[in-house]
Amino acid sequence: MEEIICQGCGAYIQTEKEEKPGFAPKSALEKDVVICKRCFRLKHYNEVQDVSLTDDDFLKMISEIRNTDALIVQVVDIFDFNGSFISSLQRLTGNNPILLAGNKVDLLPKSTNKNKLKQWLQHSAKEEGLPVKDVLLISAEKGIGFDGLEAAIETYREGKDVYIVGSTNVGKSTLINKLINRSSGISDAITTSYFPGTTLGFIDIPLDDDSSLYDTPGVINRKQMAHYLSDEDVKAITPGKEIKPRVFQLNEQQTLYFGGLARFDFNKGGRKSFVCYFANQLNIHRTKLDNADNLYQRHVGELLSPPGEESIDLLPPLEKKTMKITEGKTDVVFPGLGWITIPEGEVTVTVYSPKGVTISVRPSLI
């Protein structure tokens, strides 16, 4: 049988093994546009079906780029740089030039300093050992920043192929759908969803007679909070519109819980205002520090939710880290969730996140 590629995820279509990538019923082969059962269910019913690909399978596919002469565009989630950045990208892609596209800029408060954000992204990439040619701020969902992105791609690709890479759930396929739509008017050419792992193979989109744009499989990154959560919980922590800052006046020895996924203890520093930037629908609960452990043990999955019932057993235990912050306005970043802006003045705080999901600190973006 002639090899057919799923137009949604890039997997080779097969009709024998339903649990394997690319499965489609034989009747689907008669259609003009063939998509696999997984993409069909995702597109029409928003259902996600697991497939038997390992992390190593994904990385092996991505490392094929090392043998090409191309431009790489790495897409990262501005709200989850640690979880969405591929630290091994230089090894996987060789000496190809790299652009960094920070996605979901539309969800940031309007007061965000965009120049500081770009500088932070560039500095963070450099610290991870990845020099980038330029940083672009975009919204794949809203089409913001695409004039600059397209101009940068044309400048740096020099007639070569372009590979769009990123961890799962950063918006790669949405970005490519937008690029295709802007150039050809075709909508939803590639399956997109809230959930990790939508793209299962390279999807080839011709740019001109000699070069192509490739959507690539999402690299599974275990630093991402989303990998420990049910689909319902992923929706609960994913911002759907511009984040509204929530201000909490805290005394020493008070605690904030972000659902049951993260915790912030204010140990020392007098009475202070802390500004929280998280998805508007995520519940933030305040309590006294001496009651915090008991509250978590009794109410995680209920009052402190997400995680819901499906995620509680998947979630690693919360690990704590105490830090003294002496510099000016500082953001404490909870990867995959959001951040807290700490006011000026010396403060000591203890922060908690699931084991492996590393909390970081940066100069305030706002």
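The values are calculated or read from the model by the stated rules, or taken from the named source; none is laboratory data. Everything numeric here is computed off the predicted structure, so don't read it as measured data. Positions of Cβ are generated from backbone atoms using ideal geometry, with glycine treated the same way; all protein chains shown enter the neighbour counts. Heads up: the accessible areas ignore ligands, DNA and RNA and are worked out on the full protein's heavy atoms, side chains in. Shrake-Rupley method; radii C 1.70, N 1.55, O 1.52, S 1.80 Å.
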Within-11-Å neighbourhood charge of Ala152 [Cβ basis; K, R +1; D, E -1]: -2
Sum of -39500 (n - 2.57) over DSSP H runs of 4+, divided by residues of the chain (222 nm, nearest 500): -6500 deg cm²/dmol
Karplus (6.51, -1.76, 1.60) ³J(HN,Hα), θ = phi - 60°, over the range 4-16, in Hz, Gly and Pro reported as x: 10, 9, 4, 6, x, 10, x, 6, 6, 6, 9, 10, 9
Listed residue pairs exceeding 29 Å between alpha carbons, taken from Lys60/Lys172; Lys17/Lys178; Lys118/Lys160: Lys17/Lys178
Under 13 Å from the Cα of Lys26 - aspartates and glutamates, other chains or at least 8 residues apart: Glu16, Glu18
Values of log10 I(q)/I(0), in the order q = 0.10, 0.11 Å⁻¹, for the chain under a Debye, Cα-only, solvent-free model: -0.65, -0.78
Other-chain or far-sequence residues with amide H under 5 Å of Val347's (modelled H): Ile325
3J(HN,Hα) from dihedral phi, the range 101-110, Karplus parametrisation 6.51/-1.76/1.60, rounded to Hz, x for glycine, proline: 10, x, 8, 6, 5, 5, 8, 6, x, 4
GNM result for the chain, Cα springs below 10 Å: residue of Leu107, Leu303, Leu250 fluctuating most strongly: Leu303
Carbon plus sulfur fraction of accessible area for the range 191-300, probe 1.4 Å, in percent: 44 percent
Within a Gaussian network of the chain (alpha carbon springs, distance under 10 Å), most fluctuating of His227, His44, His285: His44
